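The values are calculated or read from the model by the stated rules, or taken from the named source; none is laboratory data. For clarity, every value in this text was computed on a predicted model and none was experimentally measured. A quick note on method: Cβ atoms are made from the backbone with ideal geometry, for glycine too, and the neighbour counts reach across all protein chains shown.
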Amino acid sequence: MLVLGISFMNPFPSFTPHPIFEDYVRSETRRQFLRRGASFLGTAALATLAPGLILAGDKKAAATAKIIKGVGPHFAPKAKQVIYLHMVGGPPQMDLFDYKPVMGEWYDKDLPETIRMGQRLTTMTSGQARFPIAPSKYKFAQHGKSGMWVSELFPNKAKMVDDLCFIRSMHTEAINHEPAITYMQTGNQITGRPCLGSWASYGLGSLNSDLPTFVVLVAKPTNTEQIQAIAARLWSAGYLPGEHAGCSFRSAGDPILFINNPAGVDAKVRRKTLDGLKALNEMNYKTVGDPETHTRIAQYELAFRMQSSVPELTNIGSEPESTYKLYGEDAKKPGTFANTALLARRMIERGVRFVQIYHNNWDTHSNVSGRLPMQCKDVDQACYGLIQDLKARGLLDSTLVVWGGEFGRTIYSQGGLTKDNYGRDHHPRCFTMWMAGGGSKPGAVYGETDDFSYNITKDPVHIHDFHATVLHLLGFEHEKFTYRYQGLDQKLTGVEPAKVIKELLA
């Protein structure tokens, strides 16, 4: 190996350097290399452990301007792309999927302390004098070969239960929205960690050099009684390189702000401007050596290419009328959940690795009968259309679709209770999610809860278990899929034990 004009023999010819070390060395300038080494010979000897690595940064910049490369999976992935549908606020599992007929006999009776067992409550209900049981007012029926119980609020999902993989025993420690959503997306209640989409980007890289690897869409619900904050930190790359952060597409107007040329600036002028910016950034990199400078260069170049790729992507006018019959007429309206679901399919077709959709207003503290039907109508046909569309196009086998919130809801009512209406508080002990495609097991129903949909009685699935399972479908061993940061091998599933739920795998 030749390092700065001095030849060294590699004493460990079979040694394969860690991808993170490779990335670091590629980003290292000659000046930094000399300055950082306490002993030149010692540093040079260390470099011999990584034969073939490029120390100059310009080649890395050229590579990232074309396509983001991931570190690579540990084994062949079943899922190569992901669509994650997050219902912000926490859907009430006992009104949708977790059928509890016995509760009809408990109407307006107090939740037994033997069930609650001193569970922590939110400030919204901790001051209530009593906790009256609110049975679901909605009818349920069994569907498909799996016999999955589904509420009347989801007539279209009921038709495809044998395409879905249900988890009725999800649980979390978080009881309030911000830490709960952060936990669900990043594996930690504390902000600043990479989200699942960023990990997928880091691990698998991109499939299209003209579109972002990771895209975020925020759908506007029909009902807006109780909108939760959806912060950009949810799709942050955290301590991963910035190129793996999510790119947010707007629901109205230009999908991405400032991507188009200003008035009077044509493509040639923009190209010349970007070339000048690149030269300045390269000068800054040689002086400072911050690897994020290369991320900035790559993002400018990607934005330039997106000037032509994004309009084509978002122009749904080319879709046949049969598409709108499948997804629903709302798919024609920018910003609706149906519209974002259709865009997600178009993104998957064009090689976007990870699409995250947030749908707000599931925080039903009151007026369940007034709000929940509207929420379900927003997503029911669109979810059905998305799954059937992916299946028809041969994309479902390699695309994992995930649906769920950050926690569940309580069986007892928050506030006033009548036979026709009630409210439900946050509940972390059990909630329901589903997956489809991407190597998940179709028609599976996993986990059970008690008659009150309050405690798990069989096969609990923690958020870390869920993340470990998703990573497994993407081709990664969650214990080995790490990133070195602040002296620790950080990972999505954290430091507590987590396991892949094999019963959820096809």
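Can you tell me which residues in segment 188-208 are outside any helix (DSSP H, G or I) and under 11 Å from the mean Cα position of the chain (by Cα)? Matches in segment 188-208: Pro194, Cys195. In this structure, is Met160 more than 20 Å from Trp403 (Cβ to Cβ) and under 29 Å from the mean Cα position of the chain (by Cα)? Answer is no for this residue.
Table: residues versus (1) modelled with pLDDT of 90 or more; (2) surrounded by fewer than 16 Cβ atoms within 10 Å (Cβ to Cβ); (3) out of contact with any Gly (no Cβ under 6 Å at 6 or more places or on another chain).
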{"residue": "Leu280", "(1), (2), (3)": "no, yes, yes"}
{"residue": "Met283", "(1), (2), (3)": "no, yes, yes"}
{"residue": "Thr295", "(1), (2), (3)": "no, no, no"}
{"residue": "Ala303", "(1), (2), (3)": "no, no, yes"}
{"residue": "Ser309", "(1), (2), (3)": "no, no, yes"}
{"residue": "Thr314", "(1), (2), (3)": "no, no, yes"}
{"residue": "Ser318", "(1), (2), (3)": "yes, yes, yes"}
{"residue": "Ser322", "(1), (2), (3)": "yes, yes, yes"}
{"residue": "Leu326", "(1), (2), (3)": "yes, no, no"}
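Looking at Ile115, Ile175 in this structure, which one is in the same structural domain as Pro92 (by TED's automatic domain parsing), assigned to a helix (DSSP H, G or I), over 30 Å from Val352 (Cα atoms) and not hydroxyl-bearing (Ser, Thr, Tyr)? After applying the criteria, what remains is Ile115. Among residues of segment 78-101 that are closer than 21 Å to Arg409 by Cβ, those with a Cβ under 7 angstrom from a residue that is basic (Lys, Arg), sequence gap 6+ or separate chain, pair up as Gly90/Arg409; Pro92/Arg409; Pro92/Arg424; Gln93/Arg409; Met94/Lys100; Phe97/Arg168; Asp98/Arg168.
Note down all Cβ pairs under 7 Å where the first residue falls in segment 404-422 and is surrounded by 16 or more Cβ atoms within 10 Å (Cβ to Cβ) and modelled with pLDDT of 95 or more, the second is polar (S, T, N, Q) and part of a loop (DSSP other than H, G, I, E, B), and they're at least six residues apart or on different chains. Between residues of segment 404-422 that are surrounded by 16 or more Cβ atoms within 10 Å (Cβ to Cβ) and modelled with pLDDT of 95 or more and residues that are polar (S, T, N, Q) and part of a loop (DSSP other than H, G, I, E, B), the close pairs are Phe407/Thr172; Arg409/Thr364; Ile411/Ser453; Gln414/Thr125; Gln414/Ser366; Asn421/Asn367. Going by what's in this entry, would Pro221 be described as in a loop (DSSP other than H, G, I, E, B) and either basic (Lys, Arg) or crowded, with 18+ Cβ neighbours inside 10 Å (or both)? For Pro221, the condition - in a loop (DSSP other than H, G, I, E, B) and either basic (Lys, Arg) or crowded, with 18+ Cβ neighbours inside 10 Å (or both) - is met.
Checked against the criterion of being aliphatic (A, V, I, L, M), closer than 27 Å to Pro194 by Cα and in a helix (DSSP H, G or I), segment 329-342 has at least one qualifying residue. Within segment 451-506, restricting attention to residues that are surrounded by 15 or more Cβ atoms within 10 Å (Cβ to Cβ) and aromatic (Phe, Trp, Tyr), the residue that is farthest from Phe431 (Cα to Cα) is Tyr483.
Kindly indicate whether any position in segment 486-498 is closer than 20 Å to Gly404 by Cα and free of Cβ contacts under 8 Å to residues at least 40 places away in the same chain. Working first, answer last.
First, pick out the residues of segment 486-498 that are closer than 20 Å to Gly404 by Cα: 492-493, 498.
Still in the running and free of Cβ contacts under 8 Å to residues at least 40 places away in the same chain: 498.
Yes.
Condition check for Tyr202 on (1) touching a strand residue (DSSP E or B) at 6+ places or on another chain (Cβ under 8 Å); (2) modelled with pLDDT of 95 or more; (3) closer than 17 Å to His359 by Cβ; (4) not basic (Lys, Arg): one failure, at (3).
Of all the criteria given as (1) crowded, with 21+ Cβ neighbours inside 10 Å; (2) free of Cβ contacts under 8 Å to residues at least 12 places away in the same chain, the one not satisfied by Leu164 is (2).
Against the conditions (1) surrounded by 14 or more Cβ atoms within 10 Å (Cβ to Cβ); (2) in contact with a strand residue (DSSP E or B) (Cβ under 8 Å, 6 or more places away or on another chain); (3) closer than 20 Å to Leu417 by Cα, Arg130 satisfies every one except (1).
Listed here are the residues, each with its yes/no results for (1) at pLDDT 95 or above; (2) in the same structural domain as Gly447 (by TED's automatic domain parsing); (3) not in a loop (DSSP other than H, G, I, E, B).
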{"residue": "Leu49", "(1), (2), (3)": "no, no, no"}
{"residue": "Ala61", "(1), (2), (3)": "no, no, yes"}
{"residue": "His74", "(1), (2), (3)": "yes, no, no"}
{"residue": "Gly89", "(1), (2), (3)": "yes, yes, no"}
{"residue": "Asp95", "(1), (2), (3)": "yes, yes, yes"}
{"residue": "Tyr99", "(1), (2), (3)": "yes, yes, no"}
{"residue": "Glu105", "(1), (2), (3)": "yes, yes, yes"}
{"residue": "Ser126", "(1), (2), (3)": "no, yes, no"}
{"residue": "Ser136", "(1), (2), (3)": "yes, yes, no"}
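In segment 367-376, is there at least one residue being over 28 Å from Gly423 (Cα atoms) and surrounded by fewer than 16 Cβ atoms within 10 Å (Cβ to Cβ)? Step through it out loud before you land on a result.
In the first step, residues of segment 367-376 are kept if they are over 28 Å from Gly423 (Cα atoms); the result is none.
The answer is no; no qualifying residue exists.
Looking only at segment 454-506, residues that are in contact with a Gly (Cβ under 6 Å, 6 or more places away or on another chain) and on the phi > 0 side of the Ramachandran plot come to 2 in all. Only residues that are farther than 14 Å from Ile348 by Cβ and surrounded by fewer than 17 Cβ atoms within 10 Å (Cβ to Cβ) were counted in segment 206-218, giving 1.
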